[in-house]
Ligand code: ATP
Ligand code: MG
């Protein structure tokens, strides 16, 4: 048994033999001839000459050994339904969908846009696309027509798969009118629109274009659609980043590299075994949904749970009741969701038997220590922070399986994951920072490991210029996150490079200040932004959500809490980091994936136009901020 450090080292210094070994975790129709072709940096081509299929590895491959075991469990607390599909049943449904798409004219290399709520048919559609070599482009359900139109324009889909409606908090959200409007707005018109009718909302039907899934499924009940063997380097899908920092980028993923990367991550990061159950609470519209609701768990032969509903409905115990009922072994969520639960009665957590859980993985945003502590002591399982991006498709930093037990450090997503040659770089000089605890940009030396983005969809120049040319004097991938590494190799993400505040010459990560403020017992959540200041260059402003607003009835009580918050910062970080104002707010502006939209707060505070807000969850939230800052 080698140490994790040696394992990581080998993945970098003996890259090809390391990944050749991982490639054996999946089925190939033709074995790869070359493990990595990096002759044209920064474009990496993995497992060149190999042919395989993502759907084969996720579904067909398991038929021989576990056809009758659960593969997909779709639970909706919105419609009060639970549907479970074995691998054999999933195989049949995917072929029905694949045959239907083919009947609508979809061929290898075509794009299919999927605009769906969290229902089983969304999974069938994704798997059906990769089965026949069509590229899916999943757009988060409920995105408004403008966002949807720009993605239709970019992906140029031959067909769209959608549903009459989603549902959120018991309220029906019709999708069809948004889709029709988006297609009207877009200059590209899909040939066919395949609609799943859940009976939730009436639909206007466009004759000749719109097709009903139930009747097509009926026509293809016994369909047998073989997997299309694709070149490893053929694209499998495109997916847009969350749009936290600006216009979303269309990430293009390959086939073989992604399949190998996910199979390896299920083994080396999640320590997963076939027959276990994975529950990722994300949405198929995000990268976590692609990698760890659909493909990763299925590739590993696990059952995967798709959940449509809120974490608090019918009550805040719903997730844990699912864990108990389905004996969930691996759970994956986001800090933002845990913070929602933290505001609820903790008794809900004690109500259910969650002893089947091995660990809870959290990603998407910095995991502040108080939140980590709270969920860790409530659940009594390891809480594993992991840091990555839509671009990479799987974790860059975490505590992989095999890292010394008990080694979690709250506030840190841990160490560089095997395959990633992670560097900290001085933004100004481009030099690598090797002394512990120096602040720098988190960067990755090429080639990016298998599974990471191949390029920006239809825009190689944007891929090179955006990601690889931001650091002076060298070709290196920038994450645009800012961090430090301690003497033991643990990383701490301090914020996005855009969010670094420069107060009178001191560089401060917004994350550092937020973490500090969040330690105040009456603060549930906080966002810190830097705003232009004539005297100091920039000053920090804090927008904090009090945990118990009822105790803040009058101005004096609010003022007192604001002062206390400033004192916490003075005490822990020093007066230089003290926000010039602390605004107490009811809600913070977030993206639909639950990330803080600091750029919107910053723009409003600087009385600028907040820019593209199509990714924003609830635009009304900004009004309170405007009123407070007098914008
Ligand atoms: P866009 O790129 O469109 O602005 P985005 O960066 O939010 O949107 P994602 O790819 O969903 O899109 O998010 C990746 C980013 O989320 C990371 O670059 C980092 O800033 C943040 N992040 C993810 N996981 C963690 C984590 N565990 N700790 C700290 N930050 C994290
Ligand atoms: Mg990003």
Next on the checklist: What whole-number distance in Å separates the alpha-carbon centres of segment 214-258 and segment 422-486?
Outcome noted: 27
Checklist entry - With Rg and the Kirkwood Rh both taken from Cα atoms, where does Rg over Rh land for segment 482-631? => result 0.96
Next on the checklist: As I understand it, the value is the acute angle between the Cα axis of helix 120-132 and the longest principal axis of the Cα atoms of the chain; what does it come to in degrees, rounded to 10?
Outcome noted: 60
Item to check | Beta bridge orientation in segment 165-285: antiparallel %, DSSP, nearest 5 | outcome: 75
Checklist entry - Hey, what did the chain get for relative contact order, percent, Cα under 8 Å, at least 6 apart? => result 11
Item to check | Which of 477, 420 has the fewest Cβ neighbours within 10 Å, and the rest in rising order | outcome: 420, 477
Checklist entry - For segment 191-257, what does the alpha-carbon gyration tensor say about shape, rounded, prolate or oblate, given a ≥ b ≥ c as the root eigenvalues, a/c under 1.5 as rounded, and a/b over b/c as prolate? => result oblate
Next on the checklist: At R0 = 22 Å, how high is the FRET efficiency between residue 80 and residue 327 if r is their beta carbon distance? Nearest 0.05 is fine.
Outcome noted: 0.55
Checklist entry - By how many degrees, between 0 and 90 and to the nearest 10, does the Cα long axis of helix 555-572 differ from the longest principal axis of the chain? => result 90
Item to check | 16 Å reach of a label modelled at residue 69, 7 Å along Cα-to-Cβ, counting backbone N of segment 81-123 | outcome: 85-91
Checklist entry - On a 0 to 90 degree scale, rounded to 10, what angle separates helix 87-103 from the longest Cα axis of the chain? => result 80
Next on the checklist: Quick check: residue separation of residue 550 and residue 218 times 0.36 nm, minus the Cα distance between them. What number comes out in nm?
Outcome noted: 113.9 nm
Checklist entry - Is segment 302-347 best put as rounded, prolate or oblate by its Cα gyration tensor, with a ≥ b ≥ c the root eigenvalues, rounded for a/c under 1.5, and otherwise prolate when a/b is larger than b/c, oblate when not? => result prolate
Checklist entry - Taking the simple approach of a point 7 Å from Cα along Cα-to-Cβ for both residue 267 and residue 313, what is their distance in nm? => result 4.2
Checklist entry - If the label point is 7 Å along Cα→Cβ of residue 464, which residues in segment 422-450 have backbone nitrogen under 17 Å from it? => result 446-448
Next on the checklist: What does the C-alpha gyration tensor say about the overall shape of segment 70-193? Classify as rounded when a/c is under 1.5, otherwise prolate if a/b is larger than b/c, or oblate.
Outcome noted: oblate
Checklist entry - What is the order of 118, 566, fewest Cβ neighbours within 10 Å to most? => result 566, 118
Checklist outcome for this item: Ordered by fewest other Cβ atoms within 10 Å, a rough proxy for footprinting exposure, 368, 618 read 618, 368
Item to check | Dmax and Rg, reported as Rg then Dmax, of the chain (C-alpha, Å) | outcome: 23.9, 73
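Every number in this text was worked out from the coordinates using simple rules, so none of it is lab data. For clarity, every value in this text was computed on a predicted model and none was experimentally measured. Please note: Cβ atoms are built from the backbone with ideal geometry, for glycine as well, and neighbour counts cover all protein chains shown.
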